[in-house]
1. Restricting the search to region 139-165, which residues are open to solvent by less than 20 Å² (accessible area, probe 1.4 Å), more than 16 Å from ligand 2 (Cβ to nearest atom) and touching a strand residue (DSSP E or B) at 6+ places or on another chain (Cβ under 8 Å)?
2. Among 220, 198, 173, which is touching a Pro at 6+ places or on another chain (Cβ under 9 Å), modelled with pLDDT of 95 or more and open to solvent by less than 50 Å² (accessible area, probe 1.4 Å)?
3. How many residues does region 241-263 hold that are in a helix (DSSP H, G or I), touching a helix residue (DSSP H, G or I) at 6+ places or on another chain (Cβ under 8 Å) and more than 14 Å from residue 219 (Cβ to Cβ)?
4. With (1) open to solvent by 40 Å² or more (accessible area, probe 1.4 Å); (2) at pLDDT below 95; (3) under 23 Å from residue 258 (Cβ atoms) as the list, and residue 53 as the residue in question, which single condition is left unmet?
5. What are the residues in region 91-133 that are in contact with a Pro (Cβ under 8 Å, 6 or more places away or on another chain) and open to solvent by 60 Å² or more (accessible area, probe 1.4 Å), if any?
6. If residue 204 satisfies all but one of (1) over 16 Å from residue 150 (Cα atoms); (2) within 19 Å of the chain's Cα centre (by Cα); (3) not hydrophobic (A, V, I, L, M, F, W, C), what's the number of the condition it fails?
7. Those residues that are assigned to a strand (DSSP E or B) and either acidic (Asp, Glu) or away from ligand 1 (no atom under 16 Å from the Cβ) (or both), I need them from region 121-171; list them, please.
8. If you go through region 180-188 one residue at a time, do you hit one that is surrounded by fewer than 21 Cβ atoms within 10 Å (Cβ to Cβ) and within 16 Å of ligand 2 (Cβ to nearest atom)?
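The values are calculated or read from the model by the stated rules, or taken from the named source; none is laboratory data. All figures in this text were calculated on a predicted structure; none of them were measured in a lab. When we count neighbours, we look across all protein chains shown, and the Cβ atoms used for this are built from the backbone with ideal geometry, even at glycine. Heavy atoms of the whole protein, side chains included, go into the accessibility calculation; ligands, DNA and RNA do not. Shrake-Rupley method; radii C 1.70, N 1.55, O 1.52, S 1.80 Å.
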Amino acid sequence: AKERGRDNCVIYSAEMEHQVNTQLIIQNDLRDAIERHELELYYQPIVDEHGILSGAEALLRWRHPQYGFISPADFIPVAERFGLIDNLTRWVLKDVCEFVQQNAERELPKISINISARQFNDPKFVESLLVQIKGRQLTPRAFELELTEHLFLTDLSLIKARFTELQQAGFTIAIDDFGTGYSSLSYLQHLPLSRLKIDAAFVRNIGKGEKGKTLVKAIIEMAHAMKLDVVAEGVETEEQHTYLKSQQCDWFQGYMWSKPLPAAEFARLLPRAGEV
Ligand code: C2E
Ligand code: CA
Ligand code: CA
Ligand code: CA
């Protein structure tokens, strides 16, 4: 059994094994997960209305040596709370950059990366992204950053400055989980955005009555009126797809086309440059 360590790490002692607390495991082990090569990046295709691959979202996977697969929905919030998110994002960006470089002979779509709202408080945030990307002779134009509405709990003027910095550097920005953030919509008119990602919860309601459909229709209409593209998340059924298409939804992501794929598998979907 492990000694009680710097992080109050008692979770491995035999007598406590049965009451292992997920939060504690995560908090203790996530620090080392990067060095131990336990993290992996998956890529989920984003397709256009013809089903043609046009982008991909990078999604973290953590294979814990003892506890198996831990969902990012569980460990990302812990990483945010304990100051580990900057390291994680840096690792994600590094891994995406390596993927892009390793597949330079292929037609690469824009890769979307999830950014935590917390990271916006760091005045060096944008610069640190640029150092990584330009250090590898890549361009921010190859990337989209996904941010949730949690962001708008902080000062709008700070966020606006940050968004402008990102946009001027060449990144495009998408609002993730759109419609779930309990925030005012006024930010839509003040920020340089490219896309809204309609949360899967709305998509799921398409097959469940007229009100579900009406809400999705209204979101798409509003987005288009604001000159924003719409990505539908979590599209699983033909019914959802057909309805979204009938409302001119621009992009689609979901199990109907593909689950998130390991990098090598995703790369095989990409045509070699010149083949298209
Ligand atoms: P998200 O950004 O909303 O990502 C979409 C989630 O929906 C992913 O879950 C994806 O696997 C899942 N999904 C996609 N299509 C379907 C579908 O058709 N049906 C269903 N049921 N699910 C679908 P995942 O990979 O478990 O990630 C969960 C959340 O963890 C993400 O939600 C995101 O908030 C966070 N996350 C994942 N990777 C990162 C990362 O690198 N950085 C940060 N900050 N957060 C991340
Ligand atoms: Ca996302
Ligand atoms: Ca989302
Ligand atoms: Ca989500």
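1. Of everything in region 139-165, just one residue is open to solvent by less than 20 Å² (accessible area, probe 1.4 Å), more than 16 Å from ligand 2 (Cβ to nearest atom) and touching a strand residue (DSSP E or B) at 6+ places or on another chain (Cβ under 8 Å), namely 163.
2. Details: 220 fails: touching a Pro at 6+ places or on another chain (Cβ under 9 Å); 198 fails: touching a Pro at 6+ places or on another chain (Cβ under 9 Å).
It is 173.
3. Within region 241-263, the subset in a helix (DSSP H, G or I) is 241-246, 263.
Now drop any that are not touching a helix residue (DSSP H, G or I) at 6+ places or on another chain (Cβ under 8 Å), which leaves 243-244, 263.
So of that shortlist, the ones also more than 14 Å from residue 219 (Cβ to Cβ) come out as 263.
Total meeting the criteria: 1.
4. The one condition residue 53 does not meet is (2).
5. Listed by number, the list holds a single entry, 107.
6. Answer for residue 204: the failing condition is (2).
7. Going residue by residue through region 121-171, those that are assigned to a strand (DSSP E or B) are 143-148.
Once the filter is applied, which keeps residues that are assigned to a strand (DSSP E or B) and either acidic (Asp, Glu) or away from ligand 1 (no atom under 16 Å from the Cβ) (or both), region 121-171 yields 144, 146.
8. Looking for residues that are surrounded by fewer than 21 Cβ atoms within 10 Å (Cβ to Cβ) and within 16 Å of ligand 2 (Cβ to nearest atom), one finds at least one in region 180-188, hence yes.
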